[in-house]
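Note sheet for the following structure.
The values are calculated or read from the model by the stated rules, or taken from the named source; none is laboratory data. Worth saying up front: this structure is predicted, and the values here are computed from it rather than measured. Here the Cβ is made from the backbone with ideal geometry for all residues, glycine too, and neighbour counts use every protein chain on show.
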Amino acid sequence: MSEKQIMSDKLDVYLASPRGFCGGVCRAIGIVELALKNYGTPLYVHHEIVHNKHVVENLRKQGVIFIESLDEISDMSRPVIISAHGAPLKIYRKAESLGLKVIDATCPLVEKVHKKIVRLADEGKNIAVIGKPTHPEIIGTVGQLENYDKYKIIATPQEAATVCFDDDKPLGMVTQTTLSTTEVAEIADILQQRFGNPETLSQSDTCYATTHRQMAVREISKYVEAIVVVGSKNSSNSQQLQKIAAESGISKSFLIDDVSEMPWSELHGIKAIGISAGASAPEELVVQIIDELKKHYKNLKIHDIIVVKEDVRFKIPTN
Ligand code: SF4
């Protein structure tokens, strides 16, 4: 029997909800679409607008050019869009010096973190920046600080246990918006024990979309033997969903870009599967997987597991 033939009579599919696009991603994609309409092509976007292969490819086909450096822009009369992850201040300065029109698609929740790190620096605090040092969001966040180096980027509990600051000034914390809520809490606890009373985690910057998608994956983990997360490999929040599935005891968890990467051979004998999608993954990719599952199983039962209803929308600037 080929992998694509019916593997079992019955499969229960648990759909995690919320899943997929968040308010910041909808806004960022909306900004690019509006700019395509208003300014035509070529249109430059600094970094991938959101970390999803399908979204990026679709925009590329429409004439969007994704760049990692403003030096890659050959026509300075064309606008440049800053991705949802945000960018360091020096990028805005350079764009201004080159006479470029900047359209900012930084997620408002990332901007909130930017304001917070600037405030902590103004207060003269040491700053623990919880996140991955190479992720564009963290590069953008620490890039809000100029002439201030009293911060350390902490990616793991082990680093939290050993990090040192040059003086004993009070400690403040900011976090990447897309990390695992459990890991952030663990790191913050360690810092709290070591440095007294850093700004508490009630002020964690993990965003609502990350938190809700992780809650939903934890919930479906109670019912399934395998979980498929739809999202690109460079999407932090998608990676975290796979990690949450594993932490919840699911030994078979997969991060896939689309239906072409479905791990069919791993699903033999599985009676219940969970599906989620990272905040940058379009819902149509989930629909395609369900359609394909319908071809493989005679009796497919779909369960919508809704842990919270989301209605967060951010306004798309019109200029
Ligand atoms: S995951 Fe959160 S911070 Fe990131 S774009 Fe979406 S809403 Fe904004």
Segment 128-149, subset under 19 Å from THR206 (Cα atoms) and among the aliphatic types (A, V, I, L, M), residue farthest from the ligand (Cβ to nearest atom): ALA128
Restricting to strands (runs of 3 or more DSSP E) lying wholly in segment 111-189: which have 1 or more residues that are polar (S, T, N, Q)? 126-130, 171-175
Search segment 59-111 for residues being within 16 Å of PRO317 (Cα to Cα) and among the small types (Gly, Ala, Ser), and hand back the single one that is nearest to the ligand (Cβ to nearest atom). ALA84
Top-ranked residue in segment 292-319 [being exposed (fewer than 13 other Cβ atoms within 10 Å of the Cβ) and more than 28 Å from ARG27 (Cα to Cα); ranked as modelled with the highest pLDDT]: LYS301
Here, helices (runs of 4 or more DSSP H) confined to segment 1-99 with at least 2 residues that are without any contact (Cβ under 8 Å) to a residue 60 or more places away in the chain and among the small types (Gly, Ala, Ser) are 89-97
All but one of (1) modelled with pLDDT under 95; (2) within 16 Å of the ligand (Cβ to nearest atom); (3) not in a loop (DSSP other than H, G, I, E, B) hold for SER276, so report the exception by its number. (1)
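Conditions (1) out of contact with any helix residue (DSSP H, G or I) (no Cβ under 6 Å at 6 or more places or on another chain); (2) surrounded by 15 or more Cβ atoms within 10 Å (Cβ to Cβ); (3) not assigned by TED's automatic domain parsing to the domain that holds VAL50, marked per residue:
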{"site": "GLU68", "(1), (2), (3)": "yes, no, no"}
{"site": "LEU98", "(1), (2), (3)": "yes, no, no"}
{"site": "ALA128", "(1), (2), (3)": "no, yes, yes"}
{"site": "GLN144", "(1), (2), (3)": "no, yes, yes"}
{"site": "ALA160", "(1), (2), (3)": "no, yes, yes"}
{"site": "PHE165", "(1), (2), (3)": "yes, yes, yes"}
{"site": "ASP168", "(1), (2), (3)": "yes, no, yes"}
{"site": "VAL174", "(1), (2), (3)": "no, yes, yes"}
